[in-house]
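Novice: The following block contains the structure, expressed as structure tokens.
The values are calculated or read from the model by the stated rules, or taken from the named source; none is laboratory data. This structure is a prediction, so every number in the text was calculated from the model and none was measured. Cβ coordinates were reconstructed from backbone atoms using ideal geometry, including for glycine residues, and neighbour counts include every protein chain displayed. To get the accessible areas, we keep the full protein, side chains included, count just its heavy atoms, and leave off ligands, DNA and RNA. Shrake-Rupley method; radii C 1.70, N 1.55, O 1.52, S 1.80 Å.
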Amino acid sequence: MINQIKEHISEVEKFTSSDKDAIESFRIKYLGKKGLFNHFFSDFKNVPNDQKKEFGQIVNQLKAVVTEKVTTLKQALEDEKLAHGVYGDLTRPGEPLNLGSRHPISIVKNQIIDIFSRIGFNVSEGPEIEDDWHNFTALNLPEYHPARDMQDTFFIQTAPDILLRTHTSSVQVRYMENNKPPIRTISPGRVYRNEAISARSHCFFHQIEGLYIDKDVSFADLKQTLQFFTTELFGKSEIRLRPSYFPFTEPSAEVDVYWGLETEADYRMTKGTGWLEIMGCGMVDPNVLTNCGIDANEFSGFAFGMGIDRIALLLHQISDIRLLSENDLRFLEQFKSAL
Ligand code: DAH
């Protein structure tokens, strides 16, 4: 029996493996509950007395060599992992990085910000949960003013003065309350209206508001600014301003850009006219300046507001506004090559 154990010892000494499972089976074979060590150990009682000492030593030696072997092999495995684990096989071809993409709303928003920042406009923001004063009253839309109906509003039921802003014009008010002219700012953000969701309208969308207040600002300045903008964004410089009405501007206008009638899509988009409406604008009503603490005798200015979603649909030929908020990767991944 002693010879048998000695053979095992020499076998253990020869054993080597770099496989985690093989090392574990090896350990179990010797040191497991039903392993050889326990097997020999339980034979101890049958060993003649004069051999007990030698037998005991040799069984313990078996245990010691197995333990040492297992520890060494496991350590080698760990070392190997450390040496190669960090970089892996350096000759292996790299795995392609899956690039994300910006959302089309962000792409178009950034383009617009970029254009206006080149002519000195900064970016300002305001809260989406707004109060009546900033969204309506200060903008010359007092309570019960019929023009409030132009924008179906989500009110907060328990706080009648609080609402989800219906336009980014609210940020004009906040900006004028906190800054002195000259003011040149654009305010991008999300707005909400209680409208039925369809391919063409949604209950939330995005706008960019523009505001320019200084001494002697004229309607001609407004026209020039807008023409610069449409040329930069669409590559189209022909615009027309149609008289319109907004309570916060006087006079007010709607801006159309001449898109052209080259393709079938152009006919569809412009309803056969070649013209596309892209924003509202006007000279800031003196009442609004006064409401915001700016001397209307000293300063004048213009404002404009446009829908980012609408412009994104136009620029990227997207047929349904709902695609912009559905987070469908098949749609979003198409913008990988954009800015
Ligand atoms: N706030 C308007 C809207 O939501 C858009 C607008 C029109 C903004 C004229 C303006 C403006 O600043 O001058 O429809």
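Novice: In nm, to one decimal, how far is the modelled label at Glu143 from the one at Thr91, with both set 7 Å along Cα→Cβ?
Specialist: 8.2
Novice: Take the Cβ-Cβ distance between Thr16 and Lys53 as r, set R0 to 41 Å, and report the resulting FRET efficiency rounded to the nearest 0.05. Show your work: numbers first, answer last.
Specialist: Numbers: r = 32 Å, r/R0 = 0.77.
Once the sixth-power term is evaluated, E becomes 0.80.
Novice: Take the cross-link list Lys109/Lys223; Lys6/Lys53; Lys29/Lys81; Lys29/Lys69 and give me the ones stretching past 18 Å between alpha-carbons. Before the final figure, lay out the partial values.
Specialist: Working: Lys109/Lys223 21 Å; Lys6/Lys53 15 Å; Lys29/Lys81 25 Å; Lys29/Lys69 13 Å.
Beyond 18 Å between Cα atoms: Lys109/Lys223; Lys29/Lys81.
Novice: Nearest 20 debye, what's the magnitude of the dipole of segment 104-335 about its Cα centre given +1 on Lys and Arg Cβ and -1 on Asp and Glu Cβ? Don't jump to the answer; show the numbers that get you there.
Specialist: Details: 20 positive and 33 negative charges, 79 e Å.
Computed charge dipole of segment 104-335: roughly 380 debye.
Novice: Per residue, how much accessible surface does the chain expose to a 1.4 Å probe? Answer in Å², no decimals.
Specialist: Values: 19410 Å² over 339 residues.
The answer is 57 Å² per residue.
Novice: If you stretched the chain out fully between Gln227 and Asn110, how much longer would it get, using 0.36 nm times the residue separation minus the C-alpha to C-alpha distance? Walk me through the numbers before you get to the answer.
Specialist: Details: separation 117, 0.36 × 117 = 42.12 nm, distance 1.85 nm.
Working it through step by step, the gained length comes to 40.3 nm.
Novice: First compute the accessible area of segment 2-87 with a 1.4 Å probe, then give the percent of it belonging to carbon and sulfur atoms. Could you put the intermediate results ahead of the total?
Specialist: Numbers: 3290 of 6150 Å².
Exposed carbon and sulfur together represent 53 percent of the surface.
Novice: Counting pairs of alpha carbon atoms under 8 Å apart in space and at least six apart in sequence, what relative contact order in percent does segment 221-339 give?
Specialist: On the way: 151 pairs, mean separation 20.0, N = 119.
Over segment 221-339, the number comes to 17 percent.
Novice: Long-range amide H contacts for Gly189: which residues qualify at under 5 Å (H placed 1.01 Å from N, peptide plane, sequence gap of 5 or more or a different chain)?
Specialist: Under 5 Å from the amide H of Gly189 lie the amide H atoms of Gln207, each far enough along the sequence or on another chain.
Novice: For segment 74-135, state which trypsin sites (Lys or Arg not before Pro) are in a DSSP loop and have at most 14 other beta carbons lying within 10 Å of their beta carbon. Please list the in-between numbers first.
Specialist: Values: sites: Lys74, Lys81, Arg102, Lys109, Arg118; in loops: Arg102, Arg118.
Qualifying residues, ordered by number: Arg118.
Novice: For segment 2-87, what relative contact order do you get, as a whole percent, if you take Cα pairs closer than 8 Å and at least 6 residues apart? The partial results should precede the final answer.
Specialist: Values: 51 pairs, mean separation 36.8, N = 86.
Once normalised by length, the contact order is 43 percent.
Novice: Here's another thing I want to ask about it. Over segment 184-339, what number does the Rg to Rh ratio reach, with both radii from the alpha-carbon atoms and Rh per Kirkwood?
Specialist: Rounded to two decimals, Rg over Rh is 1.01.
Novice: Also: Mind jotting down the distance between the C-alpha centroids of segment 44-66 and segment 307-335, whole Å?
Specialist: 80
Novice: Across all directions of projection, what mean area in square nanometres is found for the Cα convex hull of the chain? Display every interim value, and only then the final one.
Specialist: Values: hull surface 127.4 nm².
Result: a mean projected hull area of 31.9 nm².
Novice: Is it possible to state the helix-based mean residue ellipticity at 222 nm for the chain, with each DSSP H run of 4+ residues giving -39500 (n - 2.57), the sum divided by total residues, to the nearest 500 deg cm²/dmol? What is it? Write down the numbers at each step before the final one.
Specialist: Values: 12 runs with 137 residues, N = 339.
Helices in the chain give a 222 nm mean residue ellipticity of -12500 deg cm²/dmol.
Novice: I would also like to ask the following. Just the number, please: carbon plus sulfur as a percent of the accessible area of segment 104-335, 1.4 Å probe, no ligands or DNA/RNA counted. Mind dumping the intermediate values first?
Specialist: Details: 5380 of 11130 Å².
Within segment 104-335, the accessible surface is 48 percent carbon and sulfur.
Novice: Next question, about the same structure. Can you tell me the relative contact order of segment 104-335? Whole percent, Cα pairs under 8 Å, sequence separation 6 or more. Before the final figure, lay out each step's value.
Specialist: On the way: 442 pairs, mean separation 49.2, N = 232.
Worked out over segment 104-335, it gives 21 percent.
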